[in-house]
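One structure below.
The values are calculated or read from the model by the stated rules, or taken from the named source; none is laboratory data. Since this is a predicted model, take the numbers as computed values, not measurements. Positions of Cβ are backbone-derived with ideal geometry, glycine not excepted, and every protein chain shown enters the neighbour counts. Note: accessible area is taken over every heavy atom of the protein model, side chains too, but ligands, DNA and RNA are not part of it. Shrake-Rupley method; radii C 1.70, N 1.55, O 1.52, S 1.80 Å.
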Amino acid sequence: MKKINTGYNLIHFYEDFMSVEDCLIIKDFVLKEKINKENDINKMPWETSDTINIYKLNKDSIVLKTLIENRKRLTNLVSDCFQEKVYPHFTDLVLWKTGRKMETHIDDGDMHEEGTELNKHFAPRHFSAVVYINDDYTGGNTYVFDGETDNFYESNPKIGAVLIFASDKRCPHGVSEIESGFRITFPSWFTKDINFKDGLD
């Protein structure tokens, strides 16, 4: 695993975090499950059928075992990056089809009105991580702003690489349009509050 200097304390990028072999297991599974489903690029993947809920996967599934093994490593890496004990809060698999993009946003509860169900759901998210399962597409870069300077870091997706950053207003981020191909990611969010650990592992 190789750390790439992003220039920002709250943004971390590592190449070769996840093995190519593990990435191919996940890629093959996602494409088999989702490739022929609806393709409304005006909706986000989780508003269609392009998100896989890993919590519904068979416990004996090689895909789930691969994800859990890598997420354990990722949990330790996020803890090391921010020198804080963290726990997995939520994880899924996402297929981004050609034409999709995501506007600048933040991942924690401040996205939503205080006291609402969405605010409560996202509030425990303190750190975000995106593992790139493939890189055989164009576009689809993740850009993360440094909230203090308005400068930003833009990742160049590479199979097995991971981008890690703070989930709050210090790191607004988005995804540029996928120009061709399919972008597959393995996003996870982490909390500092053990009461919001997801219990998958």
Worksheet entry | Cα shape, region 131-201, gyration tensor, a/c 1.5 rule | oblate
Practice prompt. Evaluate the relative contact order of the chain (contact order divided by residue number), counting alpha-carbon pairs under 8 angstrom at least 6 apart; express in whole percent.
Written response: 30 percent
Discussion item. With every protein chain kept in place and ligands, DNA and RNA left out, what is the accessible area per residue of the chain? Probe 1.4 Å, answer in Å².
Written reply: 50 Å²
Response to the item:
Env charge @ Ile25, Cβ radius under 12 Å, K,R +1 / D,E -1, value -1
Item to complete: Let me know the whole percent of all Cα-Cα pairs from region 48-94 that are separated by more than 17 Å.
Response: 42 percent
Discussion item. More than 26 angstrom separation, counting every C-alpha pair in the chain; what % is that?
Written reply: 29 percent
Item to complete: Mind checking which lysines have their Cα closer than 26 Å to the Cα of Lys97? Skip sequence neighbours fewer than 8 apart in that chain.
Response: Lys27, Lys32, Lys34, Lys37, Lys43, Lys56, Lys65, Lys158
Practice prompt. Any chance you could run the full-extension gain for Lys2 through Ser79? It's 0.36 nm times the residue separation minus the Cα-Cα distance, nm to one decimal.
Written response: 26.0 nm
